[in-house]
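Presented below is the structure to which this report refers.
Bear in mind these aren't lab numbers, they're just calculated from the coordinates by the rules spelled out. Remember, it's a predicted structure, so these values are computed and weren't measured experimentally. Every residue, glycine among them, receives a Cβ derived from its backbone with ideal geometry; neighbour counts consider all protein chains shown.
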């Protein structure tokens with residue numbers, strides 16, 4: 001979504017999860033991470049920061065089972081994707097979510113999302129297999145035998161832009177992408 005840019009409101013997802021989880025600790029209210037999940041490692045970080053569940057949006061948008069037309073563009077397969085705050089979705093009924101349900105003039109709608117295409121990823125079961133594999137690996141690296149331990153025992157460190165670059169393959173040209181990683185996701 002483009003809310004943080006269009007409306008100037010919002011914080012990075014991990015900060016939001018951490019702050020909300022701390023604010024409502026002990027209340028029994030579940031925390032849902034809404035956005036920012038691009039890799040399986042993001043799921044680990046969201047849960048470790050206090051999320052009880054995640055919303056995936058674009059993560060599953062490229063699977064066969066997702067709504068949206070399958071498109072061939074420049075010889076590659078894509079799926080059409082639109083966020084709930086996109087102009088297209090607002091025209092079809094989501095504008096009430098953005099307090100614009102009384103607006104009939106399309107030119108006066110203020111979208112907080114986009115319509116786009118995402119790379120085709122195959123079947124949902126294959127993507128979920130990779131995501132759960134990443135979740136298991138992350139839990140193993142931090143020594144967490146279950147989600148409760150993951151939340152309780154995880155530690156975070158700040159990472160610089162140089163550290164982010166170092167976290168990804170670098171100094172090479174990827175000749176074949178893995179099913180759970182694409183450099184194109186990082187922008």
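Summary of computed values
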{"quantity": "Candidates 129, 120, 73, ranked by Gaussian network fluctuation over the chain, Cα under 10 Å, top entry", "calculated": "73"}
{"quantity": "Fluctuation leader among 11, 127, 118 - the chain, Gaussian network, Cα springs under 10 angstrom", "calculated": "11"}
{"quantity": "Helical mean residue ellipticity (222 nm; -39500 (n - 2.57) per DSSP H run of 4+; nearest 500) of the chain", "calculated": "-9500 deg cm²/dmol"}
{"quantity": "Length-normalised contact order for the chain - Cα pairs under 8 Å, 6+ apart - percent", "calculated": "21"}
{"quantity": "Segment residue 147-residue 73, length gained on full extension (0.36 nm per residue, minus Cα span)", "calculated": "22.6 nm"}
{"quantity": "Residue 105-residue 126 pseudo-label distance in nm [points 7 Å out on the Cα-to-Cβ vector]", "calculated": "4.8"}
{"quantity": "Inter-label distance for residue 174 and residue 52, nm, one decimal - labels placed 7 Å from Cα along Cα-to-Cβ", "calculated": "3.5"}
{"quantity": "All Cα pairs of the chain, percent lying beyond 21 Å", "calculated": "61"}
{"quantity": "Highest-MSF residue in the chain out of 164, 106, 147 [GNM, Cα springs under 10 Å]", "calculated": "164"}
